[in-house]
Amino acid sequence: MELTGRVAVLTGAGHGMGAAMARRFAAAGARGIVVSDLDGEAAAEVAESINRAGGRACARQADAASKADLRGLVALAKGEYGGLDVFCSNAGVAFGTGVHADDTHWQRSFELNVLQHVYAAQAALPAMLKARDGYLVITASSAGLLSLPGDAPYSVTKHAAVALAEWLAFTYRSRGIRVSALCPLGVRTPFLVDGVRAGHPAATAVVAMGPLIEPEEVAESVIAAMRAEKLLILPHPSAGDTYARKAAAPDDWVRETVATLPTLAASAQANMHQTVQPGARG
């Protein structure tokens, strides 16, 4: 799908990857963009930056885990721009906790990392199916393909997000709906970088898996993958290679992962300083 003349809704678009995608969609010629975030002021700032650059965007404060709020975003897109072509459910949460995580961490992880995407599909699909045209972009993570040492709720729920994308893709492809799951490794945001500097196990594991990239690089990958209508968007090509090795020999993959755990911190510090400079806020 080309973005020219399209209307897009994005959640979690006040910062980081979501903000970069919103701006890149506008630059690609989108007719209108609904920028939403739990941080309403940040969403408004992103929308205003798009309007200053000559695009068309509006902002709405919204909880991406709220079915009513997501339906409201679809209604806003229709009211402001006359339709809906793309829904990017991008918000997410991570707590960096293990299997014994507090119940509230497990619940919020499922609400935002899984049910958000379910509710987004429920809200967006009626109009898309009527038009026999539309695109759902689900922000998962390479943790949804490879798991993430140090964060059980994140790993489990991101796997579920990828599974939902797969189900939607084969269920609705014949009816004109395209679906992609965005699965990056480390993206340079203050939240992630600060976690590595603090020695947070999950953040350290993310960065150790590959060099950090900027949110704008992720946005470029999304544009390219949407044009090619790819199921998996892999801004870090190495994630695909590892995923293939895991599928071919899962026991070997587990042993390799266990063996790398003691060296994660050193690898993370090295990757933090490779090629990219500090960039957009996350």
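The values are calculated or read from the model by the stated rules, or taken from the named source; none is laboratory data. Predicted model, so just to flag it, every value in this text is computed and none were measured. Cβ coordinates were reconstructed from backbone atoms using ideal geometry, including for glycine residues, and neighbour counts include every protein chain displayed.
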task: Only residues that are among the charged types (D, E, K, R), closer than 22 Å to Gly134 by Cα, under 17 Å from the mean Cα position of the chain (by Cα) and surrounded by fewer than 22 Cβ atoms within 10 Å (Cβ to Cβ): list them for the range 21-74, please.
output: Arg24
query: Could you list, in sequence order, the residues of the range 4-15 that are more than 14 Å from Val34 (Cβ to Cβ) and at pLDDT 95 or above?
result: Thr4, Gly5
task: Check the range 82-95 and report whether any residue there is part of a helix (DSSP H, G or I) and either under 19 Å from the mean Cα position of the chain (by Cα) or surrounded by fewer than 24 Cβ atoms within 10 Å (Cβ to Cβ) (or both).
output: no
task: Please give the number of the condition Ala8 fails out of (1) in contact (Cβ under 8 Å) with a residue 60 or more places away in the chain; (2) more than 22 Å from His117 (Cβ to Cβ); (3) not in a helix (DSSP H, G or I).
output: (2)
message: Pairs please, first residue from the range 229-251 and touching a residue at least 24 places away in the same chain (Cβ under 8 Å), second anywhere and in a strand (DSSP E or B) and not β-branched (Val, Ile, Thr), Cβ atoms under 7 Å, 6+ apart in sequence or on different chains.
response: Glu229/Arg178; Lys230/Ser180; Leu231/Ser180; Leu231/Ala181; Leu232/Ala181; Ile233/Ser180; Ile233/Ala181; Ile233/Leu182
query: How many residues does the range 82-104 hold that are farther than 18 Å from Phe191 by Cβ and touching a helix residue (DSSP H, G or I) at 6+ places or on another chain (Cβ under 9 Å)?
result: 11
task: Kindly establish whether Ala77 is under 17 Å from the mean Cα position of the chain (by Cα) and either touching a residue at least 12 places away in the same chain (Cβ under 8 Å) or over 17 Å from Ile138 (Cβ atoms) (or both).
output: no
- line: Expected output for the range 44-56 (first residue more than 15 Å from Arg24 (Cβ to Cβ), partner assigned to a loop (DSSP other than H, G, I, E, B), Cβ below 8 Å, 6+ apart or cross-chain) is Glu45/Gly14
